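The values are calculated or read from the model by the stated rules, or taken from the named source; none is laboratory data. As the structure is a computational prediction, the values presented were derived from the model and not from experiment. Heads up, the Cβs are rebuilt from the backbone with ideal geometry, glycines too, and the neighbour counts pull from every protein chain shown. Side chains included, ligands, DNA and RNA excluded: accessible areas come from the protein's heavy atoms. Shrake-Rupley method; radii C 1.70, N 1.55, O 1.52, S 1.80 Å.
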Amino acid sequence: MKFSVITVNWNNASGLEKTICSIEKQKCDLYEYIIIDGGSTDESLEIIKKHNECIDYYLSEKDHGIYDAMNKGASVACGEYLIFMNSGDHFYNSSVLENISNKDLKNDFIFGGICFVNKHLKYKSILPKKMCIYDFLEGLCHQGTFIKRKSFLDLGGYDISLKIVADWAMLMDAIWKKHYSYITCKNMIANYEITGLSGQKKSKIIIAKEKKKTLEKLNIKYNSFEYKLHRYCFRILKIRLFYKLSF
């Protein structure tokens, strides 16, 4: 089994169905599909039962947050690579897994492109072949990241003490500090709804604190002026991509 697609959900029935339908459309059949539900009280379980034929494993119980649920999914996965496609997220098209399966799968991490969407804008983000510290500091999305299951388990899974950036923190630890291998590809992997938890304004303060805590813990230093310049250029690029995609 090449891939384990893992979806974490809690009281988001409509988003869950969108995600499940995205999985069902994949042309590649070299995957298993796992859903970890946090004890939803809405129609989520009915949605799971409705699509039961495409789901290999599901669990519905209380958890200690999104990363605890993601760790639970990884603990029962059998695929060589994991990808976390949570409720509301969906693959960019029906050929995503097929395209990735045709690559030389040796690295610990495989990063692909993300299409960020909300009600007002839409832009694509494709990582450079060789990433610098500032590319990592911007944060990488788990929706566009394939993680070798063995590497995920060796790293101890996600840190559940972090509420929003545990997936980013793992990448900083694994790649920047421990030199795990990675490749980037130009294939688009997912549509990312930036209206989720990490995209909310109230989450920005939490994200900043958790990133600062992670960088201090890992003893990672960077030039703040260069980082601000990188962010400025990144935002200009987003605007250009927005106009390119919208007109």
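Compare ILE133, ILE66, ILE147 in a GNM of the chain, Cα atoms joined below 10 Å, and give the one with the largest fluctuation.
Looking only at ILE133, ILE66, ILE147, the largest GNM fluctuation is found for ILE133.
Got a number for carbon plus sulfur as a percent of the chain's accessible area, 1.4 Å probe?
54
Using the alpha carbons of the chain, what is the convex hull volume per residue in cubic angstrom, as a whole number?
128
Can you give me the distance in nm between label points at THR41 and SER94, each placed 7 Å from the Cα along the Cα-to-Cβ direction?
Here the modelled spin labels are 3.9 nm apart.
Compute the FRET efficiency between CYS21 and SER203 as 1/(1 + (r/R0)^6), taking r as their Cβ-Cβ distance and R0 = 22 Å, and round to the nearest 0.05.
Efficiency, from the Cβ-Cβ distance: 0.20.
Using the Cα gyration tensor of region 2-116, with a ≥ b ≥ c the square roots of its eigenvalues, what is the shape: rounded (a/c below 1.5), prolate (a/b larger than b/c) or oblate (neither)?
Prolate is the answer for region 2-116, as a/c is 1.5 or above and a/b outweighs b/c.
Say we join alpha carbon atoms closer than 10 Å with springs in a Gaussian network model of the chain; which of ILE126, ILE36, ILE23 then has the biggest fluctuation?
ILE126
Given the DSSP H assignment, sum -39500 (n - 2.57) over each helix run of at least 4 residues in the chain and divide by its residue total; what's the result at 222 nm in deg cm²/dmol, nearest 500?
After summing the helix terms and dividing by the residues of the chain, the value is -11000 deg cm²/dmol.
If you plug each phi of region 31-42 into the Karplus form 6.51 cos²θ - 1.76 cosθ + 1.60 with θ = phi - 60°, what whole-Hz ³J(HN,Hα) values come out, in order, with x for Gly and Pro?
Residue by residue, region 31-42 yields 8, 10, 10, 10, 10, 10, 9, x, x, 4, 10, 8 Hz.
Solvent-accessible area per residue for the chain at a 1.4 Å probe radius, Å²?
Ligands and nucleic acids excluded, the figure is 52 Å² per residue.
In debye to the nearest 20, how big a dipole does region 1-98 give about its Cα centre with +1 on each Lys and Arg Cβ and -1 on each Asp and Glu Cβ?
Once rounded to the nearest 20, the dipole reads 140 debye.
Run through the DSSP bridge list for the chain and note the antiparallel percent, rounded to the nearest 5.
Of all bridge pairs located within the chain, approximately 30 percent are antiparallel.
Which of the trypsin sites (Lys or Arg not before Pro) across region 4-92 are loop residues per DSSP, with 14 or fewer other Cβ within 10 Å?
Within region 4-92, the qualifying trypsin sites (Lys or Arg not before Pro) (loop, at most 14 other Cβ atoms within 10 Å) are LYS25, LYS27, LYS62.
For the chain, modelled as a Gaussian network with Cα springs under 10 Å, which listed residue fluctuates most, GLY156, GLY39, GLY15?
Result: GLY156 has the largest fluctuation of those listed.
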